[in-house]
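Participant: Handing you this structure, nothing more for now.
The values are calculated or read from the model by the stated rules, or taken from the named source; none is laboratory data. Just so it is clear, the structure is predicted and the values come from calculations on it, not from any experiment. Glycine gets a Cβ as well: all are built from the backbone with ideal geometry, and neighbour counts include every protein chain shown. In case anyone asks, the SASA skips ligands and DNA or RNA and just uses the protein heavy atoms, side chains included. Shrake-Rupley method; radii C 1.70, N 1.55, O 1.52, S 1.80 Å.
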Amino acid sequence: MITTSHALLNIALLGRKDHPQRKWSAFWGAVFPDLPMMLFFFLIPALSRLFHISLSGKFYYFPHYRIFIDWAHSFPLALAGIIVFRLLKKEWGWIFFSSMFLLDLEDFFVHATYPHEQFLPFTHCRFSGPLSYFDPA
C-alpha cells in the first residue's frame, strides 16, 4: 500500500471524534516506518542530479538503509511498543504503535516484490505476500 493509504485507513480505525489527538498519533505511526522510503524517492534523485551520480540503484540495497525499514516494519517491535505504552498509560504511544502494527499487517499481504523482515528479531526471513501493490501481474 501507499503511505497515504496507510495513514487514512489507520486514522479512520484508531482516531475518534472525542479524542482528536489520537489522529496525530495514528498518522505518525502510519508514516514513520515509511519515512526512509519517502526520503529515498524524494531526496536521492535530487542528490543524484546535484552530484551527477546515480545513487538510486545502489542506495536502496545498502544494509544500513534496509535495516531501519525492516525494524520499523517489525510485528514484535510494534507489539512491544503497544504493551509498554499501555502499561505506562500513555495513549499517544500505544496509538502510535497500534498504527505501526496496522501498517505492518496491511503491508504483509501486498509486498510480493519488496518484502520486509516483519518478524525481527526472531527471524531474518522475508515473507512475500500473495499480492503486489504496484505490479498488476
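Participant: How charged is the neighbourhood of residue 15? Take every other residue with its Cβ under 14 Å from the Cβ of residue 15, and add Lys/Arg as +1 and Asp/Glu as -1.
Facilitator: Values: positive: 16, 17, 22, 23; negative: 18, 91.
Residues close to residue 15 contribute a combined charge of +2.
Participant: Quick one: if the Förster radius is 22 Å, what FRET efficiency do residue 13 and residue 84 give, using the C-beta to C-beta distance and rounding to 0.05?
Facilitator: On the way: r = 21 Å, r/R0 = 0.95.
Calculated value: 0.60.
Participant: So what does residue 86 come to for accessible area, using a 1.4 Å probe and Å² rounded to 10?
Facilitator: That residue has around 130 Å² of solvent-accessible surface.
Participant: Compute the signed sum of charges (Lys and Arg +1, Asp and Glu -1) over the other residues within less than 13 Å, Cβ to Cβ, of residue 5. Could you put the intermediate results ahead of the total?
Facilitator: On the way: positive: none; negative: 34, 106, 107.
Counting the neighbours of residue 5, the net charge comes to -3.
Participant: Determine the gain in length on full extension of the stretch residue 67-residue 2; use 0.36 nm per residue of separation and subtract their C-alpha separation, reporting nm with one decimal. Don't skip to the end; give the middle numbers.
Facilitator: Working: separation 65, 0.36 × 65 = 23.40 nm, distance 1.99 nm.
That pair, residue 67 and residue 2, stretches by 21.4 nm at full extension.
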